[in-house]
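The values are calculated or read from the model by the stated rules, or taken from the named source; none is laboratory data. It should be emphasised that the depicted structure is a prediction, and the values quoted were computed from it without experimental measurement. Cβ placement follows ideal geometry from the backbone for every residue including glycine, while neighbour counts extend to all protein chains displayed.
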Amino acid sequence: MTQRIAVLGATGSIGDSTLAILAAHSQDYEVYALSGYQRLDKLFALCQQFQPARVCVPVSEVDSFAQRLNEAGLRIDVVSGDRGLIEIATDPQVDTVVAAIVGAAGLPSTLDAAKAGKRILLANKEALVMAGEVMMETVKRHSATLLPLDSEHNAIFQCLPLAIQQDNTQIHTASHGVRKLWLTASGGPFLHESFAQMQQASVAKAVKHPNWSMGQKISVDSATMMNKGLELIEACHLFDLSEEMINVVIHPQSIIHSMVEYRDGSFLAQLGSPDMKTPIAHALSYPARIDSGVQPLDLYALSGLEFIKPDLQKFACLRLARQAMQAGTQATIVLNAANEIAVAAFLAEQVRLTDIADINEQALSEIQVPLLDAHADIDDILAIDALARRYTETLVAKIAYGT
């Protein structure tokens, strides 16, 4: 039976990889809906290629985009903004939602997809960083399915027993024997450079990832290791574990994507080429397997695999993520919001790369917000997010203008 797919964030790197797989398996998957925000020429080309039933664009672009489709003879329902994303995510015709929108903008539609009981392939970190308890509780309550697309979380998922894959609370059952989870990190472009060199880093160097092809924001997060900090927070929610049961190890080759350590001394690892098509193909077809189109690993060509303990002074963002997870969801919301503002300021060349961690730490220590739990609603979450963004903008301004 053909599976109807909605790709939210279709013009990004995750969207590229997902659509390449869907195109290669068009007999099994139908591209039912797409969304895009900035690259509307690319979104238009995707509409021409896949001819989805629905497409979502920014509110300001809805009329012009609809006219453009009409002139091309494409009969596609055009919706817009957050409301349009939610319409697509909850559409009864949609079987699977690929949640690949970057940033907090992806949270409402992902949460509503869970309320609609959808199969969700999650690449949007913020859905769990900002609303982890709420999201996981909603998934359970509405019998939705949540499968991770991040290569690290997907690797852990693959290395866990079937009972835990089907219910993350099973990880606490003694018979499953899980001792720790290990998230691997590439170390980014500054792994072998000093903190002083990081202070002088250009935007061009910071976004040049040694192994992965990613967008600018996530590339900067990789350079500061905030990306791994956010992934640690995600893993706590996905696998229902406290942060002390999750270790991070730098593995520069990005061949082992993560590991599960068991009480008997076994380590189960998932290996593969550093290509996002592999975890996407796994999640799309789970529990079956399909061809991802990725070049298989040549084990004979591997000269060696390194594992390095992270330097938490140099990569302070990783330390801050652990602290935020210990403090609770309200702190992880603040950290995520502050980091988005700080990274945007770095990309605009208003602050240095190393200022990002300082801004994040100051925001965490100074912003006072109420405690949140699994019963919080989306308005509570977004209110803290907005407060943190406003406050962080003042911190950035002080650095940018030297006040």
> Filtering the range 235-272 down to residues that are among the aromatic types (Phe, Trp, Tyr) and in a strand (DSSP E or B), which residue is surrounded by the fewest Cβ atoms within 10 Å (Cβ to Cβ)?
Replying inline: PHE267
>> LEU121 - would you say it is buried (at least 19 other Cβ atoms within 10 Å of the Cβ), within 23 Å of MET245 (Cα to Cα) and at pLDDT 95 or above?
In response: no
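Scan ASP275, ASP291 and give me the residue that is assigned to a loop (DSSP other than H, G, I, E, B) and under 18 Å from the mean Cα position of the chain (by Cα).
Exactly one residue qualifies, and that residue is ASP275.
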>> Tell me yes or no: at least one residue of the range 188-204 is buried (at least 19 other Cβ atoms within 10 Å of the Cβ) and part of a strand (DSSP E or B).
In response: no
> Here is a list of conditions, (1) modelled with pLDDT under 95; (2) surrounded by 18 or more Cβ atoms within 10 Å (Cβ to Cβ), and LEU147 meets all of them except one; can you say which number that is?
Replying inline: (1)
> Identify, please: which residue in the range 208-227 is in contact (Cβ under 8 Å) with a residue 40 or more places away in the chain and part of a loop (DSSP other than H, G, I, E, B) and is, among those, surrounded by the most Cβ atoms within 10 Å (Cβ to Cβ)?
Replying inline: MET225
>> Taking the condition of being hydroxyl-bearing (Ser, Thr, Tyr) and surrounded by 14 or more Cβ atoms within 10 Å (Cβ to Cβ), how many residues in the range 384-403 meet it?
In response: 2
> Name the pairs whose Cβ atoms lie under 6 Å apart, with the first residue in the range 238-257 and touching a residue at least 40 places away in the same chain (Cβ under 8 Å), the second assigned to a strand (DSSP E or B) and of a type in the set (Val, Ile, Thr), and 6 or more positions between them or separate chains?
Replying inline: VAL249/THR184; ILE250/ILE308; HIS251/THR184; ILE256/THR184
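Condition check ((1) of a type outside the set (A, V, I, L, M); (2) at pLDDT below 95) across all residues:
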position	(1), (2)
THR332	yes, no
VAL351	no, no
ILE356	no, no
GLU366	yes, no
LEU371	no, yes
ASP380	yes, yes
> Of the conditions (1) assigned to a strand (DSSP E or B); (2) exposed (fewer than 15 other Cβ atoms within 10 Å of the Cβ), GLN48 fails just one. Which one is it?
Replying inline: (1)
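Residue-wise test of (1) assigned by TED's automatic domain parsing to the domain that holds LEU122; (2) in contact (Cβ under 8 Å) with a residue 24 or more places away in the chain; (3) more than 30 Å from ASP16 (Cβ to Cβ).
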site: MET259; (1), (2), (3): no, yes, no
site: TYR262; (1), (2), (3): no, yes, yes
site: SER266; (1), (2), (3): no, no, yes
site: ALA269; (1), (2), (3): no, yes, no
site: GLY272; (1), (2), (3): no, yes, no
site: SER292; (1), (2), (3): no, yes, no
site: PRO296; (1), (2), (3): no, no, no
site: PRO310; (1), (2), (3): no, yes, no
> How many of the residues in the range 281-324 are among the small types (Gly, Ala, Ser) and under 22 Å from ASP221 (Cβ atoms)?
Replying inline: 4
> Does LYS309 fit the bill of being more than 22 Å from SER109 (Cα to Cα), of a type outside the set (Val, Ile, Thr) and touching a strand residue (DSSP E or B) at 6+ places or on another chain (Cβ under 9 Å)?
Replying inline: yes
> Considering only residues of the range 62-83 that are over 27 Å from the mean Cα position of the chain (by Cα) and touching a residue at least 12 places away in the same chain (Cβ under 8 Å), which is nearest to PRO52 (Cα to Cα)?
Replying inline: ILE76
> In this structure, is VAL7 in contact (Cβ under 8 Å) with a residue 24 or more places away in the chain, β-branched (Val, Ile, Thr), farther than 21 Å from ALA104 by Cα and not in a loop (DSSP other than H, G, I, E, B)?
Replying inline: no
>> Please determine whether any residue of the range 136-146 is outside the structural domain of ASP377 (by TED's automatic domain parsing), in contact with a His (Cβ under 9 Å, 6 or more places away or on another chain) and closer than 23 Å to ALA116 by Cα.
In response: yes
>> Can you find, within the range 108-130, the residue that is nearest to ALA33 (Cα to Cα) among those that are touching a residue at least 40 places away in the same chain (Cβ under 8 Å) and under 11 Å from the mean Cα position of the chain (by Cα)?
In response: LEU121
